[in-house]
Every structure is written in C-alpha cells, then in structure tokens.
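Q: This is the structure I want to talk about, given as structure tokens.
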Amino acid sequence: MSANQSPENGAGITYDSQFYTAERLHEMHRSMLFIRRFEEKAGQMYGLKKIGGFCHLCNGQEAVCVGIEEAAQPTDYMLTSYRDHGHILARGSDPTAIMAELLGRAGGIVKGKGGSMHMFDVERNFAGGNGIVGEQVPIGLGFAFASKYKDDGRVTLCFMGDGAINQGAVYESFNMAALWKLPIVFVVENNQYAMGTSLERASSETHLFKRGISFKIPGMRIDGMDVLETERRMSEAIEHARSGQGPMLVEAVTYRYRGHSMSDPATYRTRQEVDEWRSGRDPIARLQGQMIEAGLANDEDFKQRDKDIKKEVAEIAKAAEAMPEPDASELYTDIYNDLIEHAYPYPGRED
Ligand SMILES: Cc1ncc(C[n+]2csc(CCOP(=O)(O)OP(=O)(O)O)c2C)c(N)n1
Ligand SMILES: [Mg+2]
C-alpha cells in the first residue's frame, strides 16, 4: 500500500498495482461504516422488540460486503445466506426498504413478508437472503447456468458460510459448475463459527479455499478484514469467471463481532478473542488508518462522517417505523396460486 498521486486522478492509494482514487476510498469507507451503524440500529430495534423473528447481523464482516460489490458489476447476480443485510446495502438497495423489511412493514423490500433472512431485490440482481444453510449454492448454480446458456456476460457471486461449505449440495454444485465451466465465484465467508461451532470442531480440512480441488476449481484465501485486498482478489476471481475459465472459490477470512443471531449468548468464545479481532483487525479502522496515512482525510473528517451516518440511520429507522404493516390480504399474494385456488378459502373470497 502506498499513498501517491496519479496524473489523471489526483490523490489516492496504490494497493498491489491498483490505483484507488480518494473519492472511491471515501465511498468504500462510507459504505462500510453505514453497514456497521445500520446493523447496530437493527440490533437496538430488536432489543426493543420492534423487530421479531430471526435476525443475523454482519458487524465485522463489512469489508467482504463492500470489497466484493466494488469488484462486481451491478448486472452480476448475487446470492447470500440469511446474513444478508450488509450485502444488499452494499448493492445499493434502498436502506429504508431494508429497515422496513426488518420491521415487517408494507414498504419493506419484499413487502414485509420476508424479514431479515429473506432480502431480495430483482432490480439489483440480488437473489437473497436464503434461510436454509447452503440453499443458495445450487440456486446460484442455476443462475450461472442461465448466464452461460444466454451468453449474457454476467457472473454469479454466491456466498456461503464456513458451516455451509460442509453441505452435500455444495459439492454437487461444485462438480457441475466446473464441468460446464459456469461463470460463478463461490465466496466462503469464513467468520470462524457456524452458530456455536468453531471451524476446527466441524471441519477436517480447515483451508476452505482447497475444498474445490477435487473438482478442479482453483481457490484462494484472502483477508476479508481488508477491503482493498478483497476488492483486488475478487476482481481477479470475477475476471476468471467472466472470461469463460469457469468457477473460482474464494475463502474470505473474517469474523463476526456479534452472536450468531440475536438470541446467542456467545459463550463458546472468549471476550479476549473478540477483542483481538475488533481492536486489531477491524476493517473500518484499517481503511481509516490507511487514508489518514495517505493524507486523504483526518480524524475529524471520520468523526463527522460517523455523526452524519448515525443521524441518517436514525431517520431511516423512524421513517420505516412510521410505515403501515402489510394488509391482511397480503397473506394471499405472492404465493403459489394453486394453494389459494384449491385448498384455502379465505375471508372476502368471492366464489
Ligand atoms: C439445512 C440447515 N441446517 C441447519 C440450519 C440451522 N442453522 C442456521 S445458521 C447455521 C450455521 C451456519 O453457519 P455458517 O455457514 O458458518 O454461516 P454464518 O452464520 O457464520 O454466517 C445453522 C446450522 C439451517 N438453517 N439449515
Ligand atoms: Mg460462519
């Protein structure tokens, strides 16, 4: 990493021969900080019982969300697990609609009917938000197959956790993706735990990037706490897939600061371990440090940004809370019609 001036672009940072303009770095920083504060607000609203059901926060994992989005094209497909708020925010979906979804409001991104685990945005090629561990992998395979079939130049970015990678359907998908050279990048967000089970307790091969070897899928391990490294390496992986060379497996090493979900007391790890990641490797603090060192910003600038974002997020939460709940008739929309037609008469049905 070095600070420098580029004749065309002015001040910035060069990381691994890639020049990042000050503007782009500020945007990446802003995006990560926004996700952090959004998640904190969601945690707070959950504590107040305003959000119900399952809710999985991604604090600590922001560099993965933002770095990968930076490397991708908006037309690329993206599929995630239930830990999806950060990814959809990084995609650029409306944060008020996302907060409204968490609150079960009609203005939610899926009309308040999906909740935290089932974020979806067709316009932004974001296909969830999948609650079953590993479910998104065979579905992502289908997206990539469609892209190859239609020759539309899109790449599918399919995220999964360190727990999900032990699912059988993942390996069936690896085989077909490699066999047919599909344009897909599998990203394992290795945050060290699957609920309360550490990677070492659950996996015989803990180098998760090697899991594609027997399918001839090349793999790489990246520092998922470093947004610039994530952007760089993901750009290479995406280029590999887009150029017709088939899938790539990327293991992004990261850490979740909060419990698995809101009901997790996190007794399976020590406070010291969490502190080591938080204070030593935090992705937002790291980029801040790099930008200060490069003379692109100072402490005051970051403090002001934090204040502005906190205010913005508070306003978003207020606006989302003010939205009405879905009408009861919504129970019967967006579901398989057959069920309505043949099985479930409902109040107000006229036949
Ligand atoms: C098929 C299936 N089995 C079990 C569960 C319960 N479950 C929910 S999350 C989870 C752990 C997954 O951990 P990981 O893949 O590492 O993702 P992370 O939560 O760390 O992001 C489990 C076992 C589930 N949702 N689906
Ligand atoms: Mg995990």
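All of the numbers you see were taken from the coordinates with simple rules; none came from a lab. All values derive from a computational prediction rather than experimental measurement. No Cβ is skipped: glycine too gets one built from the backbone with ideal geometry, and neighbour counts run over all protein chains shown.
Q: Lys pairs in region 55-286, Cα-Cα under 21 Å, at least 8 apart or on separate chains: how many? Walk me through the numbers on the way to the answer.
A: On the way: Lys148/Lys181; Lys148/Lys216; Lys150/Lys181; Lys181/Lys210; Lys181/Lys216.
Lysine pairs meeting both conditions in region 55-286 amount to 5.
Q: Largest first and in whole Å, what are the equivalent-ellipsoid semi-axes of region 55-286 based on the Cα gyration tensor, each being the root of 5 times an eigenvalue? Don't jump to the answer; show the numbers that get you there.
A: Details: eigenvalues 126, 98, 53 Å².
Ellipsoid semi-axes (Å, largest first): 25, 22, 16.
Q: Calculate the FRET efficiency for Ala146 and Glu236 from the Cβ-Cβ distance with a Förster distance of 30 Å, rounded to the nearest 0.05. Let's see the in-between values first.
A: Values: r = 24 Å, r/R0 = 0.80.
So, using R0 = 30 Å, E works out to roughly 0.80.
Q: Can you list the lysines whose alpha carbon is less than 23 Å from that of Lys307, not counting same-chain residues fewer than 8 positions off?
A: Of all the lysines, those that pass the test against Lys307 - Cα under 23 Å, at least 8 places apart if same chain - are Lys41, Lys318.
Q: Using only helices, what value at 222 nm comes out for the chain when you add -39,500 (n - 2.57) per DSSP H run of length 4 or more and divide by the total residues, to the nearest 500 deg cm²/dmol? Could the numbers behind the result be given before it?
A: Details: 12 runs with 149 residues, N = 351.
That calculation yields -13500 deg cm²/dmol at 222 nm.
Q: Please label the shape of region 1-154 as rounded, prolate or oblate, based on the square roots a ≥ b ≥ c of the eigenvalues of the alpha-carbon gyration tensor (a/c under 1.5 means rounded; beyond that, a/b larger than b/c means prolate, else oblate).
A: On the way: a/c = 2.39, a/b = 1.33, b/c = 1.79.
Oblate.
Q: Oh, and also: Check the straight Cα-Cα distances from Lys310 and name the aspartates and glutamates below 12 Å, setting aside those fewer than 8 residues away within the same chain.
A: Glu39, Glu40
Q: Could you give the nm distance between label points at Glu312 and Asp299, where each point is 7 Å from its Cα heading toward the beta carbon?
A: Those two pseudo-labels are separated by 2.4 nm.
Q: Let me ask something additional. Rounded to the nearest 20 Debye, what is the dipole magnitude of region 55-286 about its Cα centre when Lys and Arg each give +1 and Asp and Glu each give -1 at the C-beta? Write out the running numbers ahead of the final one.
A: On the way: 25 positive and 29 negative charges, 69 e Å.
Once rounded to the nearest 20, the dipole reads 340 debye.
Q: Among rounded, prolate and oblate, which fits region 199-242 when a ≥ b ≥ c are the square roots of the eigenvalues of its C-alpha gyration tensor, a/c under 1.5 means rounded, and a/b larger than b/c means prolate?
A: Oblate shape, in that a/c is at least 1.5 and b/c is the bigger or equal ratio.
Q: Now, a different point. Pick out, from Leu179, Cys65, Met99, the residue whose Cα sits farthest towards the positive end of the charge dipole of region 55-286, with +1 on the Cβ of Lys and Arg and -1 on the Cβ of Asp and Glu.
A: My answer, from the dipole projection, is Leu179.
Q: How charged is the neighbourhood of His118? Take every other residue with its Cβ under 14 Å from the Cβ of His118, and add Lys/Arg as +1 and Asp/Glu as -1.
A: Numbers: positive: Arg83, Lys111, Lys113; negative: Asp84, Glu101, Asp121, Glu135, Asp334.
With Lys, Arg at +1 and Asp, Glu at -1, the net is -2.
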